[in-house]
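Encoded as structure tokens, the structure appears first; notes follow it.
The values are calculated or read from the model by the stated rules, or taken from the named source; none is laboratory data. Owing to the predicted nature of the structure, the values given are computational and were not obtained by experimental measurement. Every residue, glycine as well, gets a Cβ built from its backbone with ideal geometry; the counts of neighbours run over all protein chains shown. Accessible surface areas use protein heavy atoms only, side chains included; no ligands, DNA or RNA. Shrake-Rupley method; radii C 1.70, N 1.55, O 1.52, S 1.80 Å.
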Amino acid sequence: MKSLSDSNIFFMKRALRLAGRAKGKTSPNPMVGAVLVKNGQIVSEDYHKKAGEFHAEALAIQKAGKKALNSTLYVTLEPCCHTDKRTPPCTKAIINAGIKKVFVAMKDPNPKVSGKGIRELRRNGIEVIVGILEVEAKKLNEAYVKYITTCMPFVTLKIAMTLDGKIATPEGQSKWITGEAARKTVHRMRGFSDAILTAIGTVKADNPELTARLKGCKNPIRIVIDPDFETPEDFKIFNSDAKTIVVKKASTGMAKETRLGKSGVELIHFKGNKLDLKMLMAELGKRQITSLMIEGGSSLASYALKTGIVDKAVFFIAPKIIGGKNSIPAVGGDFFRRLENAYQVKDWHISRIGQDLMVEGYL
């Protein structure tokens, strides 16, 4: 290492990589990595693996044993200090282990912790430095930050389209626009998400499973907007591979609702003819759904953007041209914005996934 600063960045990057190993597995908790260093050498490291299990700091301290005395801790999120959870406060473990210095990437936005964990460590004579690789830490836990500050999930809009912006031919043919590598990436994204949101049009057209068919990936909760409860009971969306929630009008399909309810399907009811997506996001937040990916059709994409629930957009662009004015556009609906008020995508990034391009950015 050229300097102390370089070494600090090195060890915090290590902690962030460790935290990232648990992507999609810790919700509603954040991903956290911890590295204990002594005399410039890593003596132990670990990460939070699942909600309800020990936190990264406690695991690293446990591994280090007596070596933790007078060591330096690098942790990606402010250590917790409250008892309103299933595991003991990490601040106590840090103090009792005799750790002399703590580098924290970011403060915890949870009001039960925010700044309090840092103050407790300092009151006990521990030097605390906050903010090293803070941007990277916030991006890693962007879903947690959104959820803990708004009680609503972080929403990603995913679209697969052709070069000319189409998602299907006029008769609805859409399989497969993108290649196998892009489809595998989507399955991985599903595994990282708490839930997938789609609508009845997509379900009737494709009969999708909406599962993450990759080794080691969990299946997300499947949420279907189906106002009149039209989805056939033998469709794949109701199989036992994952939990399914149907969002429907309160007045429709009561007998069907009873039958599917016995098999574990959950219902969310809304009144009137038009679903309020912001209301739905609040309902999902009550169910501790912290991250949601939208995989629907042209109309759902338009409605989600119009109502302002989308935090991030991920577009997979295939090197194909369908053509035709009646082919289905990526974002349809009657609503549009003039160029001076168009949706702005910031911090965007382009990468190649097999034969396709992936463009992602934040709204």
From (1) within 24 Å of Leu210 (Cβ to Cβ); (2) touching a residue at least 40 places away in the same chain (Cβ under 8 Å), pick out the condition that doesn't hold for Gly323. (1)
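Within region 324-335, identify whether any single residue is part of a loop (DSSP other than H, G, I, E, B) and either among the aromatic types (Phe, Trp, Tyr) or in contact with a His (Cβ under 6 Å, 6 or more places away or on another chain) (or both), and answer yes or no. Reasoning before the result, please.
Our first condition is that a residue be part of a loop (DSSP other than H, G, I, E, B); within region 324-335, this holds for 324-327, 330-335.
Checking which are either among the aromatic types (Phe, Trp, Tyr) or in contact with a His (Cβ under 6 Å, 6 or more places away or on another chain) (or both) leaves us with 335.
For region 324-335, residues part of a loop (DSSP other than H, G, I, E, B) and either among the aromatic types (Phe, Trp, Tyr) or in contact with a His (Cβ under 6 Å, 6 or more places away or on another chain) (or both): present.
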Taking the conditions exactly as written (at positive phi and either surrounded by 14 or more Cβ atoms within 10 Å (Cβ to Cβ) or out of contact with any strand residue (DSSP E or B) (no Cβ under 9 Å at 6 or more places or on another chain) (or both)), does Gly179 satisfy them or not? no
Looking at Val128, Val113 in this structure, which one is outside any loop (DSSP other than H, G, I, E, B), at negative phi and either open to solvent by less than 90 Å² (accessible area, probe 1.4 Å) or not small (Gly, Ala, Ser) (or both)? Val128
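Before we move on, is Lys13 open to solvent by 20 Å² or more (accessible area, probe 1.4 Å) and at pLDDT 95 or above? Quick ask: steps written out before the conclusion?
Numbers: open to solvent by 20 Å² or more (accessible area, probe 1.4 Å): yes; at pLDDT 95 or above: yes.
For Lys13, the condition - open to solvent by 20 Å² or more (accessible area, probe 1.4 Å) and at pLDDT 95 or above - is met.
Please return the ranges of helices (runs of 4 or more DSSP H) entirely within region 214-319 where 1 or more residues are over 22 Å from the mean Cα position of the chain (by Cα) and either without any contact (Cβ under 8 Å) to a residue 12 or more places away in the chain or surrounded by fewer than 16 Cβ atoms within 10 Å (Cβ to Cβ) (or both).
On the way: elements: 254-262, 277-286, 298-307.
Output list reads 254-262.
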Test each condition in (1) under 19 Å from Pro109 (Cα atoms); (2) in contact with a Phe, Trp or Tyr (Cβ under 6 Å, 6 or more places away or on another chain) for Asn29 and report the one that comes out false. (2)
Breaking point among (1) part of a loop (DSSP other than H, G, I, E, B); (2) modelled with pLDDT under 95; (3) open to solvent by less than 20 Å² (accessible area, probe 1.4 Å), for Asp84: (3)
Please work out which residue is farthest from the chain's Cα centre (by Cα), limiting yourself to region 16-45 and to residues that are crowded, with 21+ Cβ neighbours inside 10 Å and in a strand (DSSP E or B). Val37
Among Lys107, Lys63, which is basic (Lys, Arg), in contact with a helix residue (DSSP H, G or I) (Cβ under 9 Å, 6 or more places away or on another chain) and modelled with pLDDT of 90 or more? Lys107
Given (1) touching a strand residue (DSSP E or B) at 6+ places or on another chain (Cβ under 8 Å); (2) open to solvent by 50 Å² or more (accessible area, probe 1.4 Å); (3) part of a helix (DSSP H, G or I), where does Ala64 come up short, assuming only one miss? (2)
